[in-house]
Amino acid sequence: MLEQIKSVVRDAGLIILQAHNIESSIESKQGSANFVTKYDIEVQNYLYQHLSILFPNADFLGEEDLQRKTVDSEYCFIIDPIDGTTNFILNYKHSAISVALMHNNEIEFGVVYNPYLNELFYAEKGKGAHLNDKPLKVHNLALKDGIVGFGTSPYYPEKADETFSLAKKLFDLALDLRRTGSAALDICYMAANRYVLYFEFYLSPWDFAAASLILTEAGGVIKTLEQNELNYMTPCSVVAANPVSYQDFLKA
Ligand code: LIP
């Protein structure tokens, strides 16, 4: 099943790479600086069509108005067709397709694909995580020895003060900060030891569902900022780390 999901996601990546005249298809969504393009919809429709063939009984939850049919379906795909839509619109070349398959409220498969770098992150529950077939294992790097990624929750400007105050605190404790604009890639970068910690105050399940399994299968930690387990049905805050940097974070 994982190989089939990976191949559907890779093929959907071509829609992003071949996109043109993007500016003529931008629409605003609820919240500030929140946009959708015809390509977000096209990728979501492609994923829905092809994943439905693979898994006819599965339900779907997708960023672009793809609501679950029932809350208690055994299997549900959680999809973000273009994570980092603002980056995509501005040709920043740092966006990803994120697909998770949830089974009885647990993520069983997670795939995050950055077509610009041809980087395919994936994991199966209990079977480890990989980046382009190379196994991923987090290093127990201390907070002071790495860079911190963070998200600014731009659609919810009321989160800005607490976001930048925590960012400043971590800037003083770590080597430096990074803000890339794609939560799914940020959490995968944590699994690939490119970060020592990542946080964001407000994310939707489609931003973190797939990447959360990739990080935990690589030996990392992912919780809400209130130290609760992630909930794949409602928006929440996220902190992602390795076991050592997570303890440093709690102390801080
Ligand atoms: C985005 C995330 C980003 C976050 C934005 C938004 P989208 O996802 O990747 O980290 O800051 O608020 O959630 O909307 O581009 O799929």
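If I ask for residues that are crowded, with 16+ Cβ neighbours inside 10 Å, farther than 16 Å from Ala12 by Cβ and not charged (D, E, K, R), which ones from region 105-126 would you list?
Ile107, Ala123
Which condition number in (1) within 14 Å of the ligand (Cβ to nearest atom); (2) touching a His at 6+ places or on another chain (Cβ under 6 Å) is the one that Asn193 fails?
(1)
Say we look at region 137-159 and pick out the residues that are touching a strand residue (DSSP E or B) at 6+ places or on another chain (Cβ under 9 Å) and small (Gly, Ala, Ser); which of these is nearest to Ser182 (Cα to Cα)?
Among them, the one singled out is Gly151.
Identify the residue in region 168-187 that is within 29 Å of Ile97 (Cβ to Cβ) and surrounded by fewer than 17 Cβ atoms within 10 Å (Cβ to Cβ) and, among all such residues, is nearest to the ligand (Cβ to nearest atom).
Arg179
Yes or no: region 221-229 includes at least one residue that is under 29 Å from Asp59 (Cα atoms), at pLDDT 95 or above and in a helix (DSSP H, G or I).
No, that holds for no residue.
Based on what the data block shows, is Pro154 near the ligand (Cβ under 9 Å from one of its atoms) and either aromatic (Phe, Trp, Tyr) or surrounded by fewer than 19 Cβ atoms within 10 Å (Cβ to Cβ) (or both)?
yes
Can you tell me which of Ser204, Ser165 is at pLDDT 95 or above, farther than 28 Å from Phe77 by Cβ and of a type in the set (S, T, N, Q)? Talk me through it step by step, then tell me what you get.
Working: Ser204 fails: farther than 28 Å from Phe77 by Cβ.
Going through Ser204, Ser165 in turn, just one is at pLDDT 95 or above, farther than 28 Å from Phe77 by Cβ and of a type in the set (S, T, N, Q): Ser165.
For region 7-30, give me each residue that is surrounded by 18 or more Cβ atoms within 10 Å (Cβ to Cβ), assigned to a helix (DSSP H, G or I) and in contact (Cβ under 8 Å) with a residue 40 or more places away in the chain.
Of everything in region 7-30, those that are surrounded by 18 or more Cβ atoms within 10 Å (Cβ to Cβ), assigned to a helix (DSSP H, G or I) and in contact (Cβ under 8 Å) with a residue 40 or more places away in the chain turn out to be Val8, Val9, Ala12, Gly13, Ile16.
Go through region 27-51 residue by residue and tally those that are within 15 Å of Pro81 (Cβ to Cβ) and out of contact with any Pro (no Cβ under 9 Å at 6 or more places or on another chain).
Residues meeting the conditions: 10.
Which one of these is among the polar types (S, T, N, Q), within 16 Å of the ligand (Cβ to nearest atom) and crowded, with 24+ Cβ neighbours inside 10 Å: Ser204, Ser212?
So the residue among Ser204, Ser212 that is among the polar types (S, T, N, Q), within 16 Å of the ligand (Cβ to nearest atom) and crowded, with 24+ Cβ neighbours inside 10 Å is Ser212.
Can you list residue pairs whose Cβ atoms sit under 6 Å apart, with the first residue in region 140-158 being aliphatic (A, V, I, L, M) and the second being assigned to a strand (DSSP E or B) and more than 8 Å from the ligand (Cβ to nearest atom)? Count only pairs 6 or more apart in sequence or on different chains.
The qualifying pairs are Ile147/Asp176; Ile147/Arg178; Val148/Leu177; Val148/Leu197.
The values are calculated or read from the model by the stated rules, or taken from the named source; none is laboratory data. Quick caveat, the model's predicted, so the values are computed rather than measured. Here Cβ is always computed from backbone atoms with ideal geometry, including for glycine, and neighbour counts include all displayed protein chains.
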